[in-house]
């Protein structure tokens, strides 16, 4: 099937315009998604701030807090107690130099 030269040029031009429009719209969608993510993060931060303010006000009146505490995952909890060989060696060295009571009482502070 043959197409006139002018019709072919018009079709190619239209295709280029549509591809440019598509690229611009994809970029806009990415920007909007990143803005939405930032907005959700800001909303969460504001929610936590307001919940803390309400809990502090209730605590000042002698009432218990109404906001449940953040849940800690098992991975976060176990990472709090990880020991490196360097930290263990430092504790052993401190015990040898200062005594176990001094090290234990100073670590608690």
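Read-outs throughout are calculated quantities, based only on the coordinates presented, and are distinct from any laboratory measurement. Just so it is clear, the structure is predicted and the values come from calculations on it, not from any experiment. So basically every Cβ, Gly included, is an ideal-geometry build from the backbone, and we count neighbours across all protein chains shown.
Which of 81, 105 has the fewest other C-beta atoms within 10 Å, and how do the rest follow up to the most?
Values: 81 6, 105 10.
Fewest to most other Cβ atoms nearby, the residues stand as 81, 105.
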Row for region 1-43, column shape: gyration tensor on C-alpha, a ≥ b ≥ c, rounded if a/c < 1.5 i.e. under 1.5, prolate if a/b over b/c, else oblate; value prolate
Can you bin region 51-109 into rounded, prolate or oblate? Criterion: square roots of the alpha carbon gyration tensor eigenvalues sorted a ≥ b ≥ c, rounded for a/c under 1.5, prolate for a/b above b/c, oblate for the rest.
oblate
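With a ≥ b ≥ c taken as the square roots of the eigenvalues of the C-alpha gyration tensor of the chain, please select rounded if a/c is under 1.5 and otherwise prolate if a/b is larger than b/c or oblate if it is not?
Details: a/c = 6.32, a/b = 2.22, b/c = 2.85.
Oblate is the answer for the chain, as a/c is 1.5 or above yet b/c matches or exceeds a/b.
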Can you sort 103, 66 so the residue with the fewest Cβ neighbours within 10 Å comes first?
66, 103
Report, in deg cm²/dmol and to the nearest 500, the calculated mean residue ellipticity at 222 nm for the chain, where each DSSP H run with n ≥ 4 adds -39500 (n - 2.57) and the sum is divided by the residue count.
-26500 deg cm²/dmol
Final fewest-first order of 70, 51, 44 on the 10 Å Cβ neighbour count is 70, 44, 51
